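Values quoted throughout were computed directly from the atomic coordinates according to the rules given, and no laboratory measurement underlies them. Only a predicted model underlies this, so the values are computations on that prediction, with no experimental measurement involved. All Cβ positions, even for glycine, are placed from backbone atoms using ideal geometry, and neighbour counts span all protein chains on display.
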Amino acid sequence: MKKLLAMALTGTMALGLAACAAPAAAPAAAPAPAAEAAEEVKEEAAAEEGAAEEGAAEEAAAAEEAGGMEDLIAAAKEEGTLVVYGSCEEDYLAAACEHFQELYGIEVQYQRLSTGEVQSKIEEENGNPSGDVWFGGTTDPYNVATAEGLLEPYEAVNASHLIGDMYRDKDGCWYGIYKGILGFMVNSDELERMGLDAPQDWQDLLDPKYQGLIWLSNYNTAGTAKLVVNTMIQKYGHDEGIQYLVDLDKNIEVYTKSGSGPSKNVGTGECVIGIGFLHDGITQIEDNGYGNISLVIPSTGTSFEIGATAIFKGAKHPNAAKLWIEYALSPECVELAAQNGSYQFLVLDNAQQPAVAEEFGLDPDNVMEYDFEDAKENTTKYVEEVMEALGSAADDRFKTE
């Protein structure tokens, strides 16, 4: 910059000497090139100074935020290995755990389990958990664990970025990280071959023409299936909702262990109609190339999951667990989802939404009003009532592996 300024001043002096030696000329119609260069130099200098000030402000803000976590980070590093049970898809779980380890130098062990499996595990361990934190999966099992006193309240700093109070437990027992829409994934090629239209609403699924074509997840092991139970009871009423599931059972071929199980078999045609979260269908289309999958949002309304994270009561590494919650509520963590084949809507105001979810026409706000308190208090009872009504607890269609 100094060289440019020197060149500009030299040019100006040379022109001035030439003007003294030459006859008077008419006034110039535009600024001399040297004057323009000098002005540009000044503008560049001002721009660089502004950028430097902006960068300094950003660094100061980042330092202030990090400073607030210094004591927690130091305490977490003293505790040893963090154990994470993850109920999101395994690629996302692995990426999140590996990035946490890179950021803080804290070793992480993780295991992928469905939400129902995690719930059963911590119920058996009853306050002496083998894991520290729970990551991902729908909140119905989280709410059951909260009601049973198996999750540790923690008031997270980064919870200030949640887009609404509905995306957290009021006492801080769990926090939302994403939102998923419940619907149908259908193999359009198979339906066309059979001469069948795709179901457009929940009642359509009861039509005998779909017998043996529908897959759902296991009510005992999958949080997705527990959400289906609560959705039907809230949508149709208690008795009518349970009767709906009894009628639906006549058309179901397989109940998979995991909520994402049906989506993984639609593209191959083994499952023709899968009930689950539509972002799992997007994964099959975008990442696995199954262009024969179509997504259906039920026409009279559907519900949604809030994928969550929480600390287990009695966690052996409490500070590392708290640091995990702060990390899980950051863009650095939640934006890893779309980079690893999980296209849920994010519920943090400082995170970038996965554009592909909107491209498929999914609207995170076009859902029914879901009663989380009723689900918190009654999910276990409702599942027991459904299984009793089905009379098929030992049915080999209910997969546990």
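For region 201-243, the convex hull spanned by the alpha carbon atoms encloses 82 Å³ per residue. For the pair ASN288 and MET368, label points projected 7 Å from Cα toward Cβ lie 2.8 nm apart.
Across all directions, the average flat footprint of the convex hull enclosing the Cα atoms of region 301-388 is 8.6 nm². With each label modelled as a point 7 angstrom along the Cα→C-beta vector, the ASP165-ASN350 pair spans 2.3 nm.
Please order ASP396, ASP171 by the number of other Cβ within 10 Å, starting at the fewest.
Details: ASP396 8, ASP171 11.
Ordered from fewest to most neighbouring Cβ atoms within 10 Å, ASP396, ASP171 come out as ASP396, ASP171.
What do you get for Rg/Rh over region 94-139 if you use C-alpha atoms and the Kirkwood form of Rh? Can you show the working numbers first?
Details: Rg = 12.1 Å, Rh = 11.9 Å.
That ratio equals 1.01.
On a per residue basis, the convex hull of the C-alpha atoms belonging to region 223-295 measures out at 89 Å³. Here the Karplus relation 6.51 cos²θ - 1.76 cosθ + 1.60, evaluated at θ = phi - 60°, turns the backbone of region 187-204 into coupling constants of 8, 5, 5, 5, 5, 5, 4, 8, x, 10, 7, 6, x, 10, 8, 4, 5, 4 Hz, with x for every Gly and Pro.
Spatially close Lys pairs in region 182-328, defined by Cα atoms under 27 Å apart and a spacing of eight or more places or different chains, total 15.
From least to most packed, judged by other beta carbons within 10 angstrom and beginning with the fewest, SER160, SER87 follow the order SER160, SER87. May I ask you to work out the translational diffusion coefficient for region 295-340 at 4 °C, viscosity 1.567 mPa s, via Stokes-Einstein with Rh from the Kirkwood sum over Cα pairs, reported in whole µm²/s? So the translational diffusion coefficient is about 96 µm²/s.
As a proxy for reagent exposure, ranking ASP140, ASP280, ASP71 by other Cβ atoms within 10 Å from fewest up yields ASP71, ASP280, ASP140. Residues with beta-carbon under 15 Å from that of GLU78, excluding GLU78: net charge, scoring Lys, Arg +1 and Asp, Glu -1? Its environment carries a net charge of -2. For VAL157 and ALA74, the difference between the fully extended length at 0.36 nm per residue and the C-alpha to C-alpha distance is 28.2 nm.
Of the residues TYR327, ALA338, ALA357, the one whose Cα sits farthest towards the positive end of the charge dipole of region 322-364 is TYR327 (charges of +1 on Lys and Arg Cβ, -1 on Asp and Glu Cβ, taken about the Cα centre).
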